[in-house]
Amino acid sequence: MKFKDILIISQKNLMRAKLRTLLTIGAVFIGVFAISLTNGLGSGIRSYVNRQLGNLGAENILIVQARQTFPNPVSQDVVEYDQNRQAGQFNVTFLGADDITKIRNIGGTKSITPQFDFRIEYIARDRNSKKYQASASQYVEGFRLEMAAGRLLTATEQNGITIPVRYVAPLGFSSAQDAIGKTVMLSYKDRSGLAQEREVFIAGVQEQSLVGNVDMTVPVALAEEIYRAQTDGASERYPALFVQLENAMADLEQVKQKFSDAGYDARTLEDQVGTIGTVINTILVVLNVFGAIALLAATFGIVNTLFMAVKERTSEIGLMKALGATRGTIFAIFSAEAASIGFWGSSLGIIASIIVGTIANRVATNTFLKNFVGFDLLAFPVLPFLGILAGGIILALIAGALPSLRASRLDPIQALRYE
Amino acid sequence: MLPQELIEYIHSSRAAGVTDAGILHALADAGWAGALMQLDDSVMRAVNLIKTYEGDTNALNGVSLSIQRGESVAIVGKSGSGKSTLMHILATLDKPTSGELIIDGRATSELTRADIDTLRNKKFGFVFQQFFLNGRNTCLDNVTLPLTIMGISRGEREQRGMEMLKAVGLEEKSKQRAGELSGGQKQRLCIGRALISNPGVIFADEPTGNLDSENSAMIMAMVLELQRSRGITLILVTHDADLAAMCDRIITIKDGHIV
């Protein structure tokens, strides 16, 4: 029998029990819809994160920390005192001046900047205006941030800061552009607990982002200044060191290994952001599992539907076999029916997910993603969808194999006697 | 060509008064059954067919017969006599427990399943008591089903289908659903379906069993007319003596034997 005729016959057969076919297609639809939507969500977030990562720059900057050790919480052992180690359950090991020397001796470094551990209390337009809670981190040269207005900080910056775009309105600026160059007040508590004020100016306004820096950034000099004021002034305890490598093209894994051998934990900014990806991936895997369970249920539906079809059409199968249809032909007709259910369920599921995703994107970018420039909640690259479509059809074919085999093996005489 | 010794063996056996069935018997045992078929005009020859069903007495108890090309043969017998089993085996829908069936000089025991499927598709036509039409499909689709299975293209199928519908007087019903036809029309459609592949043999299993007497006569007349005009062999299975009498030859089966 011609392939085309097999397809035509199988479609006609599916149309005989419209409701049953529709329900079975519906089951496949639900599973594929779930998986397809999850896939779209994953692609959307991943493409955003990747674009943001691409914006981060600073491929040659390593964030170096002491290798953190987590002591056994139930251990009763008495541990030797280490001035770089914070006491308590989750003690963080800090780095000191000796570490800077040690890392410089590893070689290949261009510059080593300590991360100054400081805290600011609030930001305000001036002494008399409203104060807003604020957190700031030290700007590392080479890190790129997406800017709404103004510029990034420079290495020699003294008084400039950048603020996230969300601070623009509260601080009383009409726009991001309006904020550039304006003076604001940062306040921090010094080591004796007294509030200190520090006048700075806004050098740039950062776009909101899910990855990278979401705080205000202050230049190294300012970070150090506040750090010195908040500690005894001579302390050298750094949570991390920013190490700029001489050669941006250096084999990062090899470099990281060298640091690791020396007892440090070195990561690029990308590694650090990568952990976000891991969290997202875990969520997506869970969602995909739900979709897969729905699809598994759908395959049982396909098996059931085809067994019913075989039973209903027993005498017809008998006739076709009597008229010379081979086992292969009968198998192919029923397999084509299964594949069609898979095809229609998957196609409709994918189309529905694209429609829902497009609407969700429009809603999201107008509401809770408003400030995240270039973030589509869902993305729909073609290849994974072709994969899902193929997967749906293959799954249906596998589900249809047993009923198809049963049909192909029917004894024509028995089948013709069947009523 | 046959080896000389085989031909000599056949001639000497015949001269010694051994029946053809007896010669075949001997040759079938020696694996030469097919060879003999080339000597005579049989379209089908059965040699000592035995069919046993599990835990039952024999349905067929050693049936040998030969059917000539263009002949119409009625197989008659009461229900349970084994006539249906015999037809199923002759039509290759069933396999004998032992014995040999030779069709057009080929021993069916040596054919693969696919060969037998092709044989049925191209050489046999079937008319059943219960019609086995697809009521939702058009008459044209139903009548061309054997050609569809054969893998003939749609254009040729429709052309041959229309010719066939004309031959059985249903050309005006071609686009109508088979389910909408009357009983007599349905069986005419089945005759068309049986003949469309230009088969050598038609098997008709109680073809008038579901029809009134008027339609029965019409269907039987049509079958015999088409069969004779086209030189097709007809094997008719029936319990109706009047129908059987219309055929060239009657084979009566009782308790799995030809009587």
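What the phi angles of the stretch A:165-172 give under the Karplus curve with 6.51, -1.76 and 1.60, with θ = phi - 60°, is a coupling list of 4, 5, 7, 4, 5, x, 7, x Hz, glycine and proline written as x. Within the same chain, lysines fewer than 8 places from A:Lys18 are excluded, and of the rest, those with a Cα less than 22 Å from its Cα are A:Lys4, A:Lys311. Taking a ≥ b ≥ c as the square roots of the eigenvalues of the Cα gyration tensor of the stretch A:94-149, is the shape rounded (a/c under 1.5), prolate (a/b larger than b/c) or oblate? Here the stretch A:94-149 falls in the oblate category.
Would you mind getting me the FRET efficiency between B:Leu6 and B:Tyr53? Use the beta-carbon distance for r and R0 = 35 Å, nearest 0.05. Efficiency, from the Cβ-Cβ distance: 0.45. Once the C-beta distance of A:Leu19 and B:Ile250 is scaled by a Förster radius of 51 Å, the resulting FRET efficiency is 0.50 to the nearest 0.05.
Please work out the C-alpha center-to-center distance from the stretch B:80-97 to the stretch A:127-202 and express it in whole Å. After rounding, the separation between the Cα centres reads 97 Å. Each other residue within a Cβ distance under 14 Å of A:Leu7 adds +1 if Lys or Arg and -1 if Asp or Glu, for a net charge of +2. Here the relative contact order of chain B, from alpha carbon pairs under 8 Å that lie six or more residues apart, stands at 26 percent. Put the Cα centre of the stretch B:186-259 next to the Cα centre of the stretch B:139-167 and the gap is 22 Å.
Look at the alpha carbon pairs under 8 Å that are at least 6 residues apart: their mean separation over the length of the stretch A:282-419 gives a relative contact order of 48 percent.
Inter-label distance, A:Gln76 to A:Asn159: 6.1 nm, where each label sits 7 Å from its Cα along the C-beta direction.
Computed over chain A, relative contact order equals 29 percent, with contacts defined as Cα pairs under 8 Å that lie 6+ residues apart. Each Lys and Arg contributes +1 and each Asp and Glu -1, all at the Cβ; summed about the Cα centre of the protein assembly as shown, the dipole is approximately 1540 debye. Note on chain A: dipole from Cβ charges, positive end direction compared against A:Leu323, A:Gly96, A:Met308; the farthest Cα belongs to A:Leu323. A helix-only calculation puts chain A at -17500 deg cm²/dmol for mean residue ellipticity at 222 nm, using -39500 (n - 2.57) for each DSSP H run of at least four residues, averaged over all residues. Over 21 Å between Cα atoms: which of A:Lys12/B:Lys122; B:Lys51/B:Lys78; B:Lys186/B:Lys254 fall into that group? Too far apart for the 21 Å limit: A:Lys12/B:Lys122; B:Lys186/B:Lys254.
Could you tell me whether the stretch A:306-347 comes out rounded, prolate or oblate from its Cα gyration tensor? Rule is a ≥ b ≥ c as square roots of the eigenvalues, rounded for a/c under 1.5, then prolate if a/b exceeds b/c, otherwise oblate. Oblate is the answer for the stretch A:306-347, as a/c is 1.5 or above yet b/c matches or exceeds a/b.
Laboratory data are not the source of any read-out in this text; all were calculated from the coordinates shown. Please read these numbers as outputs of a predicted model, since none were measured by experiment. All Cβ positions, glycine included, derive from the backbone under ideal geometry; neighbour counts span all protein chains shown.
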